[in-house]
Amino acid sequence: MTAVPSNPPSTPLEDQEDLVRLEHLRRSYDIMRSEISRVVIGQEAVVEQLLIAIFARGHCILVGVPGLAKTLLVSTLSRILSLSFKRIQFTPDLMPADITGTEIIQEDPVTRERKFVFLRGPLFANMILADEINRTPPKTQAALLEAMQEHKVTVGGQTHKLAEPFFVLATQNPIEQEGTYPMPEAQLDRFMFMVTVGYPSAEEELAIMKATTGGQHVELQETLHADEILALQDIVRRVPVGDHVFRYALALTRATRPGEPEAPDFVRECVSWGAGPRASQYLILGAKARAALYGRNYVITDDVVAVALPVLRHRIVTNFNAEAEGMTPDRIVQRLIEQTPRPTDPRR
């Protein structure tokens, strides 16, 4: 791969307290993966991407056929992080008030005075599993996306803050699209990652059969708490990034846009719309979180490559030519990674 000139990276975190927290995050990451593997067999890349998104303060959408332990994975994650967890089953008759909450009239038993009282909905938890988000109408989808962006809901003219940290992990079923409400690209763009959950290998499926057909119960170790997660999120944001990494992430994003001079010919032929600026931001934030989880106080281009697929796949709109040639967004991103010149990391 062709190397291009690069600038030296920014000064890494050097405060002793920050380095101690960074090491704590690395150790916690190893423990979390170990604990999750006791319940969810395989899906190692999915676990890593979910944890990257959490520490980068992002939301995820998981795409996979039924029965791949998506719900189990999210609930297990909430248990080891000591976070409150709510699962919302999205259905065609679900209304915004069903998830945000509503005001009800309540009578004081002593004074007989009536007043409005806000009854909180299931969004008031740290971790939300929005199950089959594409089965609910756009109005309810929009209410969820507002909460994701603002970390608050407004009901009856009153604003109510949501619990911190706050994560939404939505699921979509790639089959049985009849009667669904596919999320438009502008709304999908609000999710940091689109994570694809694939079938397990033969060995993993055999282990799943043995582990789930008995009567054993697994006790999980709580690894982190809400206050620790918030502090570690701040550390992740402060991980420095060299100019060469910024430029590499920018080059990847701009190469997805068919109207840009940087776009290769196959992108011009197969892509209608490329990724917007939010993709560049999430490439950097995801790279920072991955570096921190691996115990590094600096970012390398490998970190950007590792998060490129989940960041970009749902931000690329392909056209008929792509469909005819079998060019999926994943293949387009992989070809862009292969063809985009990667700068040499000074710390490698």
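Each value in this text was obtained by applying a stated rule to the coordinates, not by laboratory testing. Predicted model only: the values in this text are computed from it and were never measured. Using ideal geometry, Cβ is built from the backbone for each residue, glycine included, and neighbour counts are taken over all protein chains shown.
So for segment 288-341, considering every pair of alpha-carbon atoms, how many percent are separated by more than 17 Å?
Of all Cα-Cα pairs in segment 288-341, 47 percent lie more than 17 Å apart.
Overall, the anisotropy analysis places segment 143-296 in the rounded class: the square-rooted eigenvalues a ≥ b ≥ c of its C-alpha gyration tensor yield a/c less than 1.5.
When the Cα centres of segment 141-192 and segment 20-34 are compared, how far apart do they sit, in Å? Between the Cα centre of segment 141-192 and that of segment 20-34, the gap is 29 Å.
Once Rh for segment 159-217 is found with the Kirkwood sum over Cα pairs, what is the Stokes-Einstein diffusion coefficient at 10 °C and 1.306 mPa s, in µm²/s? Estimated via Stokes-Einstein, D reaches 100 µm²/s. Step through the residues of segment 200-210 one at a time and calculate ³J(HN,Hα) from phi using the Karplus curve (6.51 cos²θ - 1.76 cosθ + 1.60, θ = phi - 60°), rounding each to whole Hz and writing x for Gly and Pro. So the J values, rounded to whole Hz, are x, 6, 4, 5, 5, 5, 5, 5, 4, 4, 5.
Build a GNM of the chain with springs between Cα atoms under 10 Å: which of V245, V236, V197 gets the top mean-square fluctuation? Comparing V245, V236, V197 in the GNM, the peak value goes to V197.
So what's the net charge close to I80: Lys and Arg +1, Asp and Glu -1, counting the other residues with Cβ under 13 Å from its Cβ?
Residues close to I80 contribute a combined charge of -2.
Evaluate E = 1/(1 + (r/R0)^6) for S75 and E338, where r is the Cβ-Cβ distance and R0 equals 30 Å; express this FRET efficiency to the nearest 0.05.
It comes out at approximately 0.20.
With Cα atoms as the point set, the radius of gyration and Dmax of segment 40-103 evaluate to 13.8, 44 Å. Between the C-alpha center of segment 44-78 and that of segment 108-135 there is a gap of 25 Å. When only the Cβ of Lys, Arg, Asp and Glu is charged (+1, +1, -1, -1), the dipole of the chain relative to its Cα centre reaches about 400 debye.
Starting from the Cα of K70, draw a straight line to each of the lysines and keep only those under 23 Å, dropping any in the same chain fewer than 8 residues away. Filter leaves K86, K210. Taking amide H as placed 1.01 Å from N in the peptide plane, A170 has its amide H under 5 Å from the amide H of C60, I61, L62, A130, each at least 5 places away in sequence or on another chain.
With all pairs of different C-alpha atoms in the average, the Kirkwood value for the hydrodynamic radius of segment 90-178 is 14.3 Å.
Helical content alone sets the calculated 222 nm signal of the chain at -13500 deg cm²/dmol, taking -39,500 (n - 2.57) per DSSP H segment of four or more residues and averaging over every residue.
When peptides 320-328, 278-286, 36-44 are ranked by their average number of other Cβ atoms within 10 Å per residue, the highest-first order is 278-286, 36-44, 320-328.
Each of T71, H217, Y282 was placed along the dipole of the chain (beta-carbon charges, centred on the mean Cα), and the one lying farthest toward the positive end is Y282. The largest-to-smallest principal axis extents of the Cα set in the chain are 77, 53, 48 Å. Phi angles of segment 336-341 translate, via the Karplus equation with coefficients 6.51, -1.76, 1.60 and θ = phi - 60°, into HN-Hα couplings of 5, 5, 5, 9, 7, x Hz per residue; Gly and Pro are given as x. Counting only Cβ charges, +1 for Lys and Arg and -1 for Asp and Glu, the dipole size of segment 1-157 around its Cα centre is about 400 debye.
Summarising the amide proton neighbourhood of T196: residues at separation of 5 or more, or on other chains, whose placed amide H is nearer than 5 Å comprise V63.
Starting from the Cα gyration tensor of segment 225-348, take the square roots of the eigenvalues, sort them a ≥ b ≥ c, and report rounded, prolate or oblate (rounded when a/c is under 1.5, otherwise prolate if a/b is larger than b/c, else oblate). Prolate. Counting only aspartates and glutamates at least 8 places from K161 when in the same chain, those with an alpha carbon closer than 15 Å to its own are E146, E150.
The residues packed around P329, meaning those with a beta-carbon under 9 Å from its beta-carbon, carry a net charge of +2 if Lys and Arg are +1 and Asp and Glu are -1.
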